[in-house]
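**Q** Below you will find the structure I want to go over with you.
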Amino acid sequence: MSKAEPTIQKYMTFQPYSIESTESLKKALTLMTSRKIRHLPVTRAGRVVGILSDRDLKLVMGFDDIDTAEEVVADICVTKPYTVDPETPLHEVAGEMASKHIGSAIVVQNGKLVGIFTATDACRALSEILLTRYHGK
């Protein structure tokens, strides 16, 4: 008898940091730097409307005429992020992230942000599964 496959909820980061779409890029950069995070869900009135990555910020900051205090998150975030339900099977999310080269999946329930699953979380999941399966831990 095989075990049930874990869902994304088991490995996601609960209650991730997020930022409102109207906030400045400077605030986003400060939050991401201070919290050492690379993916920041973007919300509007409590609903997920995008994702901002450290790569997006670094790219924009390379332009000379960008004022990070004036520019807002909504102007550069990805507006159609990959979102999943907490009960989505782990293999489905990991497979989609790998095939589309996506660095994170935003976990939403009833339209609200409940978690984020990043490539780091995927590595943690893989490590745990391998330890359990092959080392009995």
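The values are calculated or read from the model by the stated rules, or taken from the named source; none is laboratory data. This structure is a prediction, so every number in the text was calculated from the model and none was measured. Positions of Cβ are generated from backbone atoms using ideal geometry, with glycine treated the same way; all protein chains shown enter the neighbour counts.
**Q** Looking at Ser53 and the list (1) surrounded by 18 or more Cβ atoms within 10 Å (Cβ to Cβ); (2) over 12 Å from the mean Cα position of the chain (by Cα); (3) modelled with pLDDT of 95 or more, which single condition is not satisfied?
**A** That leaves (2) as the condition not met.
**Q** Test of understanding: among Ala28, Ala94, which residue is buried (at least 16 other Cβ atoms within 10 Å of the Cβ), out of contact with any strand residue (DSSP E or B) (no Cβ under 8 Å at 6 or more places or on another chain) and not hydroxyl-bearing (Ser, Thr, Tyr)? Quick ask: steps written out before the conclusion?
**A** On the way: Ala28 fails: out of contact with any strand residue (DSSP E or B) (no Cβ under 8 Å at 6 or more places or on another chain).
From the options Ala28, Ala94, the qualifying one is Ala94.
**Q** Give me the residue from segment 1-23 that is exposed (fewer than 14 other Cβ atoms within 10 Å of the Cβ) and not hydroxyl-bearing (Ser, Thr, Tyr) and, out of that set, modelled with the lowest pLDDT.
**A** Step one: list which residues in segment 1-23 are exposed (fewer than 14 other Cβ atoms within 10 Å of the Cβ), which gives 1-5, 10, 14-15, 22.
Filter once more, so that each one left must be not hydroxyl-bearing (Ser, Thr, Tyr): 1, 3-5, 10, 14-15.
Values: Met1: 47, Lys3: 74, Ala4: 84, Glu5: 89, Lys10: 97, Phe14: 96, Gln15: 93.
Checked segment 1-23; the qualifying residue modelled with the lowest pLDDT is Met1.
**Q** Right, something else. Pull out all pairs, ordered by first then second residue, where Cβ-Cβ is under 7 Å, the residues are six or more apart or on different chains, the first lies in segment 105-127 and is in contact (Cβ under 8 Å) with a residue 40 or more places away in the chain and surrounded by fewer than 21 Cβ atoms within 10 Å (Cβ to Cβ), and the second is outside any helix (DSSP H, G or I) and of a type in the set (Lys, Arg).
**A** Going by the 7 Å Cβ cut-off, the qualifying pairs are Gly111/Arg47.
Yes or no, residue by residue, for (1) over 22 Å from Asp121 (Cα atoms); (2) under 12 Å from the mean Cα position of the chain (by Cα); (3) not polar (S, T, N, Q):
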{"position": "Tyr11", "(1), (2), (3)": "no, no, yes"}
{"position": "Ser24", "(1), (2), (3)": "yes, no, no"}
{"position": "Thr33", "(1), (2), (3)": "no, no, no"}
{"position": "Lys36", "(1), (2), (3)": "no, no, yes"}
{"position": "Val42", "(1), (2), (3)": "no, yes, yes"}
{"position": "Arg47", "(1), (2), (3)": "yes, no, yes"}
{"position": "Leu59", "(1), (2), (3)": "yes, no, yes"}
{"position": "Pro81", "(1), (2), (3)": "no, yes, yes"}
{"position": "Lys100", "(1), (2), (3)": "no, no, yes"}
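**Q** Residues that are more than 30 Å from Arg133 (Cβ to Cβ): list the helices (runs of 4 or more DSSP H) wholly contained in segment 1-109 that include at least 2 such residues.
**A** Details: elements: 8-11, 25-35, 54-61, 90-100.
In segment 1-109, the matching helices (runs of 4 or more DSSP H) lie at 25-35, 54-61.
**Q** Can you list residue pairs whose Cβ atoms sit under 7 Å apart, with the first residue in segment 3-24 being in contact (Cβ under 8 Å) with a residue 24 or more places away in the chain and under 10 Å from Thr43 (Cα atoms) and the second being outside any helix (DSSP H, G or I) and of a type in the set (Lys, Arg)? Count only pairs 6 or more apart in sequence or on different chains.
**A** Glu20/Arg44; Ser21/Arg44
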